[in-house]
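The values are calculated or read from the model by the stated rules, or taken from the named source; none is laboratory data. These numbers come from a predicted model, not from an experiment. Positions of Cβ are generated from backbone atoms using ideal geometry, with glycine treated the same way; all protein chains shown enter the neighbour counts.
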Amino acid sequence: MNNIEKRISKNLNNIKLPKFDLNNLEKKGYVYMEKKRKLPIMATISTLCVICLLFIGGLYYNNNYKVTSKVGIDVNPSVELKINQKEKVLEVIANNEDGKKIISDMDLKGSDINVAVNALIGSMVKNGYITELANSILISVENNDNAKAETLRQEILNQINMENISIISQTVNEEKELTDLANQYNISLGKVKIIKQIMANNNLLTFDQLADLSINELNLILKDNEKTSGSASQKAYIGEKKAKEIALNHANVTNITNYKIELDFDDVMVYEIEFKANNKEYDYEINALTGDIIEYEIDNNEISNNNSSNSSNNTTTDKITKDEAKQITLKHANVTNITNYEIELDDNKYEIEFKSNNKEYDYEINATTGKIIKYSIDNNYKEPNPVISKEKAKQIALDHANVTNITNYEIELDDNKYEIEFKANNKEYSYEINATTGKIIEYEIDTD
């Protein structure tokens, strides 16, 4: 290396480069530019293709595999169909053993909903679940969009190709109360809703009483339902004509007025009959299957009215004694051995109750004249089953509510059910529990 090269090399080694601070450069007005890397064209196209495939795949899934509606069919067999956006069947589920028999080896997956519904109803007819004795079907449609649910309900109803049947159709939503009852009683959501509707019209009926009834029986006692087509069959029963004949023969009358008859439920299916004859009002309950008189009541209006005027005009008239009133009733009832005897004087009449020979008797006796104003005999009386204790009922409610520390606790036994109320965690709880079985009939939770 010559002298010049040595000197250049020495000078280069002595050069100190300044340290660059990009932030300071920006403050001083210098611009620092980083060279951007270009995304290859093929990579861009691939990304777009993936996005498109995901979109198309999601759309395809929503249209073909996502459950958008559920359709329940109840007779006694209970089945549920899950369907997609295109109204094609994705799955058929049997809710009970009879439902399994109906589905059998049918493969309805991919079928149009209307085809599937008609196939299942046809199988119910074939297997003897829908007959001229019990011809009712319950169709329940569930969809998050109420308008779509209603449209589908109407479409299914229009496409059912069956004659001489009665169809109850409705839309349902998965409300917690309904879902809990469906799980508790092992019945469909649709059947729960129909039972609640019946109970709203008749507060004397309980869920326990109605849960085991067939759809045809529920249809017969479901009054004025606007979404019911056709009439539920009464051919399994004795019929209104025979029931009327039984009542008139028992009352020993022929010429009657104000006649009314209705098929209803009171532990069993009954014909409720009312009429007037010879200045008396008659009420009968007749077992719709057997024709037995379950209960009857005769109200003597004429005597009652006469006694009212007499008592108002002659308030000093002596009253018959309680023993005399008792003898009048026992003689009329033609009984001697009685239990649960009660008597009370109210508004110039003795109100008397007693039980004998598995019957329950109620009498009203005019306290002045000793005349029978009104009486009823319940032939269907049964000694009540032993009830669970109040502590047991309380524990059932607390276990269900999953609480321990409560306030404002109240419990009352009424008509074989415990009515329980309490507060916990800023909520108010109300329970109705069957006093015999311990089953929760109904409950309500109100957040303060």
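Determine whether segment 121-136 contains at least one residue that is assigned by TED's automatic domain parsing to the domain that holds Leu189, in contact with a helix residue (DSSP H, G or I) (Cβ under 6 Å, 6 or more places away or on another chain), in a loop (DSSP other than H, G, I, E, B) and small (Gly, Ala, Ser).
Yes - at least one qualifying residue is present in segment 121-136.
Which residues, counting only those in segment 210-230, are within 19 Å of Ala288 (Cα to Cα) and either in contact with a helix residue (DSSP H, G or I) (Cβ under 9 Å, 6 or more places away or on another chain) or of a type in the set (Val, Ile, Thr) (or both)?
Passing the criteria: Leu210, Asp212, Leu213, Ile215, Glu217, Leu218, Asn219, Ile221, Leu222, Lys223.
Scan segment 413-437 for residues that are modelled with pLDDT of 90 or more, closer than 22 Å to Leu204 by Cβ and surrounded by fewer than 17 Cβ atoms within 10 Å (Cβ to Cβ) and jot them down.
Correct list: Glu421, Ser430.
Of (1) more than 15 Å from the chain's Cα centre (by Cα); (2) over 27 Å from Ile445 (Cβ atoms); (3) polar (S, T, N, Q), Asn144 satisfies all except one. Which?
(2)
Restricting attention to segment 392-448, which residues are part of a loop (DSSP other than H, G, I, E, B) and of a type in the set (Gly, Ala, Ser)? Give the derivation first.
Of the residues in segment 392-448, the ones part of a loop (DSSP other than H, G, I, E, B) are 402-406, 415-416, 425-426, 435-439, 448.
Ala435, Gly438 - these are the residues of segment 392-448 that are part of a loop (DSSP other than H, G, I, E, B) and of a type in the set (Gly, Ala, Ser).
Of all residues in segment 198-208, count the ones that are part of a loop (DSSP other than H, G, I, E, B) and not hydroxyl-bearing (Ser, Thr, Tyr).
Counting residues in segment 198-208 that are part of a loop (DSSP other than H, G, I, E, B) and not hydroxyl-bearing (Ser, Thr, Tyr) gives 4.
Checking Glu410 against (1) at pLDDT below 90; (2) surrounded by fewer than 16 Cβ atoms within 10 Å (Cβ to Cβ): exactly one of these is not met. Which one?
(1)
So which residues in segment 113-165 are under 21 Å from Ala236 (Cα atoms), crowded, with 20+ Cβ neighbours inside 10 Å and of a type in the set (S, T, N, Q)?
Passing the criteria: Asn135, Ser136.
Considering only segment 148-197, how many residues are touching a residue at least 24 places away in the same chain (Cβ under 8 Å) and in a loop (DSSP other than H, G, I, E, B)?
Residues meeting the conditions: 10.
Criterion first (within 17 Å of Asp74 (Cα to Cα), assigned by TED's automatic domain parsing to the domain that holds Ile167 and among the aliphatic types (A, V, I, L, M)) does Leu205 satisfy it?
no
Only strands (runs of 3 or more DSSP E) wholly contained in segment 209-301 count here; list those with 2 or more residues that are over 27 Å from Ala182 (Cβ atoms), without any contact (Cβ under 8 Å) to a residue 24 or more places away in the chain and of a type outside the set (S, T, N, Q).
Output list reads 257-266, 268-277, 280-287.
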